[in-house]
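Structure record follows, encoded as structure tokens.
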Amino acid sequence: MGSLTDGNYLAKPSGECCLKGHLHAGEPRGSFETIADVETYVVKPRPERANGHILLYFPDVWGMFPNGLLVMDGFADAGYLTVGLDYFRGDPVWKHRKSRHDHADPTFDYEAWKRKHTAFADAAVPKWVEAIKEQYGSRDTKYACVGYCFGAPYVCNELAGNTVTVGAFAHPAFLKEHHFYNIKKPLFLSCAEVDHTFDLPSRRRALDILQAEKKTWHLQLFSEVEHGFALRGDPNDPYQRWVKEQSLKGIVDWFDYWLSQ
């Protein structure tokens, strides 16, 4: 599971559990534009709901797929101008592997894919955030950020900086202890009971760090669901659908509270 040498990860690099899920029905209402040389999905809140805040969205290894676009629409429906960057540059993992059992392309090197896109994202995200601030922000704008799986470390990086006020991640990957030590802003953790990427010992260690360092955090933990539940759960399973909706609602409520302070 994981790899990228697996050195001291709490939330391990994306693994086979990230290669499963269900596509959700719906028609995304946002649009794409290029910001800081990266294709970016932009979805604006309806005027009567707009709260003046900007939400930075860091996608999972499936990238700009329908489920993620619809979740971004959900944040916009809650009042947030929502922007998400395609740091995979049109090369999400599903173009190579449709599921954990799909080995149709024997030449696909998952480890090399992760190294390539992690290196790009590490360099691109800070420049992209600054460009978002310049293009859409103002002196009074407040920022939140959310990340799924691959996007979790970028949330923690932003929470260690000075731009965002609050952040959240769901079923994270690629996190080390320093990500939890370094955050300065409130963090919401939306997690699955069954998650080999962020398992029980890793969750407990992360919470030990957050508690010992007196960080501000909240853990939302759902039983009987797996890694990917917040984006790729089965919409025809009533419980999985409820869990996905509760994850989104919990994150929105967390943002609403801290941005109102």
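The values are calculated or read from the model by the stated rules, or taken from the named source; none is laboratory data. The model shown is predicted, which means the values in this text are computed figures rather than measured ones. FYI the Cβ positions are ideal-geometry reconstructions off the backbone, even for glycines, and counts take in every protein chain you see.
When LEU56 is tested against (1) in contact with a Cys (Cβ under 8 Å, 6 or more places away or on another chain); (2) under 20 Å from PRO13 (Cβ atoms); (3) not β-branched (Val, Ile, Thr), just one condition goes unmet, and that condition is (2).
Could you figure out which of (1) in contact with a Pro (Cβ under 7 Å, 6 or more places away or on another chain); (2) buried (at least 19 other Cβ atoms within 10 Å of the Cβ); (3) β-branched (Val, Ile, Thr) isn't true of THR216? Here THR216 meets the rest and fails (2). The number of residues in the stretch 38-49 that are of a type in the set (Val, Ile, Thr) and either closer than 11 Å to LEU81 by Cβ or assigned to a loop (DSSP other than H, G, I, E, B) (or both) comes to 2.
Please verify whether ALA160 is touching a residue at least 60 places away in the same chain (Cβ under 8 Å), closer than 28 Å to GLU111 by Cα and small (Gly, Ala, Ser), treating the condition exactly as stated. It is false that ALA160 is touching a residue at least 60 places away in the same chain (Cβ under 8 Å), closer than 28 Å to GLU111 by Cα and small (Gly, Ala, Ser).
Per the listing MET72, MET64, the residue uniquely in contact with a Gly (Cβ under 8 Å, 6 or more places away or on another chain), in a loop (DSSP other than H, G, I, E, B) and not acidic (Asp, Glu) is MET64.
Got at least one residue in the stretch 50-58 being modelled with pLDDT under 95, among the aromatic types (Phe, Trp, Tyr) and within 19 Å of GLY84 (Cβ to Cβ)? Looking for residues that are modelled with pLDDT under 95, among the aromatic types (Phe, Trp, Tyr) and within 19 Å of GLY84 (Cβ to Cβ), one finds none in the stretch 50-58, hence no. Considering (1) charged (D, E, K, R); (2) in a loop (DSSP other than H, G, I, E, B); (3) farther than 22 Å from TYR9 by Cβ, the lone condition that LYS215 does not fulfil carries the number (3). When the stretch 134-155 is filtered for residues that are more than 18 Å from HIS117 (Cα to Cα) and within 19 Å of the chain's Cα centre (by Cα), the ones remaining, listed by number, are LYS142, TYR143, ALA144, CYS145, VAL146. Only residues that are more than 15 Å from ALA152 (Cβ to Cβ) and of a type in the set (Ser, Thr, Tyr) were counted across the stretch 182-226, and they come to 2.
Restricting ASP253, ASP208 to residues that are surrounded by fewer than 23 Cβ atoms within 10 Å (Cβ to Cβ) and under 17 Å from the mean Cα position of the chain (by Cα) narrows the list to ASP253. Would you check if GLY74 is surrounded by fewer than 21 Cβ atoms within 10 Å (Cβ to Cβ), in contact with a Ser or Thr (Cβ under 9 Å, 6 or more places away or on another chain), modelled with pLDDT of 95 or more and on the phi < 0 side of the Ramachandran plot? Spelling it out, GLY74 is indeed surrounded by fewer than 21 Cβ atoms within 10 Å (Cβ to Cβ), in contact with a Ser or Thr (Cβ under 9 Å, 6 or more places away or on another chain), modelled with pLDDT of 95 or more and on the phi < 0 side of the Ramachandran plot. The number of residues in the stretch 145-168 being assigned to a strand (DSSP E or B) and within 14 Å of TRP128 (Cα to Cα) comes to 1.
The set of residues in the stretch 146-157 being surrounded by 24 or more Cβ atoms within 10 Å (Cβ to Cβ) and free of Cβ contacts under 8 Å to residues at least 60 places away in the same chain consists of CYS156 alone. Taking the stretch 116-145 as the range and being more than 30 Å from ALA50 (Cβ to Cβ) and either in contact with an Asp or Glu (Cβ under 8 Å, 6 or more places away or on another chain) or surrounded by 13 or more Cβ atoms within 10 Å (Cβ to Cβ) (or both) as the test, the residues that pass are LYS116, HIS117, THR118, PHE120, ASP122. Looking only at the stretch 126-144, which residues are among the small types (Gly, Ala, Ser) and not in a helix (DSSP H, G or I)? Result: GLY137, SER138, ALA144.
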